[in-house]
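This report refers to the structure that appears directly beneath it.
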Amino acid sequence: MTPATSLPRAKSPRAVAFTPARWAQSVVRLLPAVAVLSTFAFLARGRFRALSSLEWADGGVVLVLVLGLAMATARRVRRSMLHVPVSLRDELELGGTSLAVAFVVVGLSGEVLFPVVYLLMAFLVSFLSRTAGATLLGMAVLFDAVLTLPDRWGTFLARLVFVALFAALYHLVLSARLAAARTAEADAVKKRLEEVEERARTFRLVSSGTHDSMPGVKDHEKWLLASVKEIEGATGSALEVAEVALKAHTVGAFLLASDDRSLKLHDCRSASEHVQRERFAAGEGIFGALLKRGVPVRMNGQGGLKGVTHYEPGGPTVRALVAVPILEGTGLVRGVLVADRIENHPFTEEDEKLLSTIAGEVLRAIEVERVMGYIRRSRDEKDRFFRAIEELNRAGQPEQVFLAVLESARQVAQLDFCAVTLVNEVNGARQHRIVRMSGVTSAGRALEGQSFPDNNGLVANVVRYGAPLPGRDVGAMDRQIIFDDDTQIRGLQSLKIFPLVAGNRILGTLVSGSRKKAAFDDDELRMLEVIAIQAAQAVLRAQLFEQMERMATTDGLTGLLNHRTFQTRFDEAMATAKRYGRKVSVVLTDVDHFKSVNDTYGHPTGDQVLKGVARILKETARDTDVVARYGGEEFCLVMPETDMKGAHVIAERIRDRVMKEVFQTEQGPLKVTLSLGVATFPEHGDQKQTLIDLADQCLYFAKRHGRNQSVTVDKLQSQKTG
């Protein structure tokens with residue numbers, strides 16, 4: 001058999017790291033730090049006090065310091081050119097070597113050049129990070145200390161205060177100026193976006209007063225900027241053609257503002273500085289007549305035309321003018337395209353046709369962008385809708401479903417109020433409950449969990465009739481009752497409530513509201529309706545899952561945890577007690593003479609007794625205790641962080657309540673008693689089964705010795721030894 005050939009082992013990263021080149025690089029990298037420390041040591045020993053006292057060693061330190069400063073500067077410049085983030089170490093090397101050079105200069109020249117340190121600190125705190133600036137300030141204080149102390153404490157303290165104040169004030173002033181610059185830049189950007197949105201509304205790229213204008217959405221802002229620039233470019237090119245072809249003094253496009261009552265200059269080509277750039281009334285002068293009739297206008301006059309409104313007061317005298325309406329396909333006028341001349345040279349019919357053609361091109365550019373905007377909005381709405389459906393289908397627990405319903409509804413429509421209600425039967429009557437809500441109301445989050453009976457409110461009627469309500473505008477309603485008379489939701493101008501229908505069942509409602517009038521279009525209402533259908537299915541799935549989970553973990557008769565779940569919860573309690581060194585007690589209990597109860601009163605009465613005992617156990621136990629049906633007429637309790645004495649007190653309390661309970665049966669009143677056994681970890685055992693066996697022994701000791709008592713392991717052991 002041929003032996004396997006062993007492959008050569010790859011060099012480890014550690015072996016590769018320690019090469020002579022890397023050693024040299026590491027040593028050179030330490031040069032700035034060594035230079036600073038050497039300079040500080042020499043200054044502390046009284047060196048660098050005069051040029052005449054310099055020695056060869058001093059010159060060597062100065063040379064190393066200059067090399068260190070050059071290396072730190074070169075490293076900073078190289079990192080900036082490569083757009084690599086500068087580390088704190090780089091900042092400290094550059095600042096430290098600069099400070100060391102400054103203090104060498106101060107030491108050699110005397111006190112007269114100490115202001116150099118102030119200027120250097122101002123520079124460092126301005127261009128370095130706060131951490132680096134604070135560290136270098138401390139370094140400057142140490143350098144100054146070796147120059148002045150211990151002889152001149154007054155000078156040192158004065159310099160310390162002045163350097164600190166100088167650096168802090170300079171940093172604060174610079175920070176304030178930077179903050180002001182950022183604020184001004186943000187305001188300029190915001191103003192530009194507002195102008196773009198206003199122009200977009202003028203072009204009808206977005207609807208005035210609706211949620212289409214969303215300045216917080218970055219993609220929307222980018223689209224608006226691109227669309228407005230595209231329209232402005234197309235309009236500018238068309239006006240240049242008109243200016244050259246018509247030999248006009250002014251060619252301008254004036255569009256109706258979003259209020260449809262004023263005109264505003266969109267773009268123009270003019271030799272005059274007096275073209276009206278502010279809004280002016282659309283119903284006045286020549287433009288008013290044109291907008292009203294919707295037909296082109298051609299005029300001329302030797303003495304000048306009256307009714308010219310597109311110039312400021314003091315503008316040129318217009319002697320010839322042609323204006324055409326910018327008409328949509330529906331015949332709706334969107335603006336005016338005008339050309340004028342200051343000489344009495346009338347425009348011809350061909351000029352009018354040319355201007356009408358250019359007006360059509362301007363409108364076509366607007367229409368193209370409007371269609372692209374509609375396509376984009378439709379795509380975004382569908383994307384939001386599909387994401388909402390995915391979130392609903394992904395939710396499993398009821399709380400997850402309710403949150404997903406609210407989030408899904410808010411994704412497809414801009415809602416100021418949204419709520420999910422569920423309906424169930426309580427003593428034969430419908431009861432509605434608000435399980436989740438979002439949005440600002442007069443009652444705030446106090447609405448969540450609130451229940452109200454069936455009434456004539458909108459939610460109750462939606463459940464009653466299984467159809468969305470209200471069927472008319474909210475403003476036309478005499479009184480807006482959504483939930484009940486005691487719960488008022490004020491300020492909603494748009495409202496729609498959808499039933500949560502799953503098969504032939506109505507599980508509740510989805511309430512959608514907005515503060516804006518006519519906030520929901522047909523597409524949004526349809527999407528909300530589909531979300532309500534999907535939400536109903538998701539709620540039903542979650543309820544069924546919760547029911548199945550409850551059936552798998554609880555006892556069907558008593559509603560307590562079943563035996564399997566008890567074992568799991570007991571394991572968890574034991575693991576926690578062992579990990580943190582705490583106590584845990586277990587109580588086993590049994591109904592005394594239960595067989596005779598079944599034989600005498602019948603099994604239905606026996607079930608009634610078991611339910612009553614289970615209820616008492618649940619009510620008497622603490623929230624942290626685990627209460628379960630162990631089997632037959634046996635029950636058990638696991639009590640975390642409870643010693644034997646505390647467990648015995650609770651066991652006696654349970655026994656006393658059961659003993660006093662009277663069960664009303666067809667054959668008369670019935671009373672039963674309990675026997676209980678108590679064991680505690682760790683004193684009675686460190687294993688789960690050991691504790692259960694000991695508690696079981698205590699239980700049967702109680703039954704053999706008179707019943708209707710609780711017995712602890714200590715009592716059992718004392719009885720056996722006695």
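Quick note: the coordinates plus some simple rules give every number you see, no bench work behind them. All of these numbers come straight from a predicted model, not from anything done at the bench. A quick note on method: Cβ atoms are made from the backbone with ideal geometry, for glycine too, and the neighbour counts reach across all protein chains shown.
How much length is gained on full extension from E634 to L82, taking 0.36 nm per residue of separation minus their Cα-Cα distance? Let's see the in-between values first.
On the way: separation 552, 0.36 × 552 = 198.72 nm, distance 7.71 nm.
Fully extending the segment from E634 to L82 adds 191.0 nm.
Counting alpha carbon pairs within less than 8 Å and at least 6 residues apart, what relative contact order, in whole percent, applies to the range 612-663?
Averaging sequence separation for qualifying contacts and normalising by length gives 36 percent for the range 612-663.
Along Cα→Cβ, 7 Å out, is where each label goes; now give me the distance between the ones at A467 and R298 in nm to one decimal.
Result for the modelled spin labels: 6.0 nm.
Specify whether the C-alpha gyration tensor of the range 544-657 places it in the rounded, prolate or oblate class, a ≥ b ≥ c being the square roots of the eigenvalues: rounded for a/c under 1.5, otherwise prolate if a/b is larger than b/c and oblate if not.
Note, shape of the range 544-657 comes out oblate.
Which ordering of T605, T235, T673, T589 is given by a fewest-first count of other beta-carbon atoms within 10 Å?
T673, T605, T235, T589
Starting from 0 in steps of 10 Å, tell me what percent of the Cα-Cα pairs of the range 218-373 lands in each bin.
Answer for the range 218-373: a P(r) of 11, 42, 35, 10, 2, 0 percent.
Hey, with R₀ at 41 Å, roughly what FRET efficiency would S718 and M548 work out to, going by the Cβ-Cβ distance, to 0.05? Show your work: numbers first, answer last.
Values: r = 48 Å, r/R0 = 1.16.
After rounding to 0.05, the efficiency reads 0.30.
With label points built 7 Å along Cα→Cβ from the Cα atoms of S272 and R89, find their separation and express it in nm.
7.1 nm
Considering only DSSP states other than H, G, I, E and B, which chymotrypsin sites (Phe, Trp or Tyr not before Pro) in the range 652-722 qualify as loop sites with at most 13 other Cβ atoms within 10 Å? Intermediate results must be reported in sequence, preceding the final value.
Working: sites: F663, Y700, F701; in loops: none.
Sites meeting the loop and neighbour criteria: none at all.
Set the bar at 20 Å for Cα to Cα. Now go through K618/K660; K264/K353; K583/K703; K496/K517; K611/K660 and name every pair that lies beyond it. Before the final figure, lay out each step's value.
On the way: K618/K660 16 Å; K264/K353 24 Å; K583/K703 27 Å; K496/K517 12 Å; K611/K660 15 Å.
Exceeds cut-off: K264/K353; K583/K703.
Subtracting the Cα-Cα distance from 0.36 nm times the residue separation, let me have the gained length for R45 to R579 in nm, one decimal.
Values: separation 534, 0.36 × 534 = 192.24 nm, distance 5.97 nm.
Going from the current span to full extension adds 186.3 nm.
Using only the Cα atoms of the range 25-177, what semi-axes does the equivalent ellipsoid have when each is the square root of 5 times a gyration tensor eigenvalue? Give whole Å, largest first. Walk me through the numbers on the way to the answer.
Values: eigenvalues 123, 99, 24 Å².
Output for the range 25-177: semi-axes of 25, 22, 11 Å.
What is the spin-label model distance, in nm, from A74 to E619 if the labels are put 7 Å beyond Cα along the C-beta direction?
8.8 nm
Where in the range 107-130 is the amide nitrogen less than 19 Å from a point lying 7 Å along the Cα-to-Cβ axis of R152?
Within reach of a label on R152, which here means backbone N under 19 Å from a point 7 Å along Cα→Cβ, the range 107-130 contributes 107-121.
Given the Cα-Cα distance of Q664 and L305 and 0.36 nm per residue of separation, how much length would full extension add, in nm?
118.7 nm
So how far, in whole Å, is the C-alpha centre of the range 481-533 from the one of the range 563-596?
48 Å
Taking Cα centroids, how far is the range 133-161 from the range 243-297 in Å?
72 Å
Identify, among F287, S272, F347, the residue whose Cα sits farthest towards the positive end of the charge dipole of the range 218-373, taking +1 on the Cβ of Lys and Arg and -1 on the Cβ of Asp and Glu, with the dipole about the Cα centre.
F287
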